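Beneath this line is the structure, given in structure tokens, with notes to follow.
The values are calculated or read from the model by the stated rules, or taken from the named source; none is laboratory data. Worth saying up front: this structure is predicted, and the values here are computed from it rather than measured. Here the Cβ positions follow ideal geometry from the backbone for every residue, glycine too, while neighbour counts run over all protein chains shown.
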Amino acid sequence: MQERRINPRRKMVLPVKISGSEGAGLAYTMDITSAGARLGGVRPSIETGQTVSLTRNGRKANFKVVWVRQISSTEIQAGIEAQQGVENFWGVDLSDRQQGGKKDMEALMSLLDAAKKS
């Protein structure tokens, strides 16, 4: 199955504080992109479409909840998407990984083009 993502995911566990209309708590990222993340360990109740605030390393940003999955009676996973630019919100340089993927794709396309011409 082909990945539909514009920004590739990077598996990374980072602690975050999540705040929503139902309260606040600690959670962690399971994977991140420059535009969002998959969260685990979410304790406050959240719903798809809701705006939540994340705090990490003194930075705060708002995210839209794109999907929610109940893992157990006390734990939720959620997919979140940034509502505005969150440049370096995670404190991790994602550009190398994203550039590497782009270069890999360009190399693959040039090989395919060369094979078609043969």
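Restricting to the range 37-54, what's the tally of residues that are surrounded by fewer than 21 Cβ atoms within 10 Å (Cβ to Cβ) and either of a type outside the set (Gly, Ala, Ser) or assigned to a strand (DSSP E or B) (or both)?
So the count comes out to 10.
Tally time: how many residues in the range 22-43 are more than 8 Å from the chain's Cα centre (by Cα) and of a type in the set (D, E, K, R)?
Result for the range 22-43: 2.
Only one of Arg97, Arg59 is touching a Phe, Trp or Tyr at 6+ places or on another chain (Cβ under 7 Å) and either surrounded by 13 or more Cβ atoms within 10 Å (Cβ to Cβ) or at pLDDT 75 or above (or both). Can you tell me which? Outline the logic, then answer.
On the way: Arg97 fails: touching a Phe, Trp or Tyr at 6+ places or on another chain (Cβ under 7 Å).
The unique qualifying residue is Arg59.
I'd like the residue in the range 62-71 that is surrounded by fewer than 17 Cβ atoms within 10 Å (Cβ to Cβ), under 15 Å from the mean Cα position of the chain (by Cα) and hydrophobic (A, V, I, L, M, F, W, C) and, out of all such residues, is nearest to Trp90 (Cα to Cα).
Taking the candidates together, the pick is Val66.
If you go through the range 17-26 one residue at a time, how many are small (Gly, Ala, Ser) and either touching a residue at least 24 places away in the same chain (Cβ under 8 Å) or outside any strand (DSSP E or B) (or both)? Steps first, answer last, please.
Taking the range 17-26 and keeping what is small (Gly, Ala, Ser), we get 19-21, 23-25.
After this cut, where a residue has to be either touching a residue at least 24 places away in the same chain (Cβ under 8 Å) or outside any strand (DSSP E or B) (or both) as well, the list is 19-21.
Residues in the range 17-26 being small (Gly, Ala, Ser) and either touching a residue at least 24 places away in the same chain (Cβ under 8 Å) or outside any strand (DSSP E or B) (or both): 3 in total.
Write out, first by first residue and then by second, each pair whose Cβ atoms fall under 9 Å of each other, whose residues are 6+ apart or on separate chains, and whose first residue, in the range 77-90, is on the phi > 0 side of the Ramachandran plot while the second is not in a loop (DSSP other than H, G, I, E, B).
Listed pairs, sorted by first residue: Asn88/Arg59.
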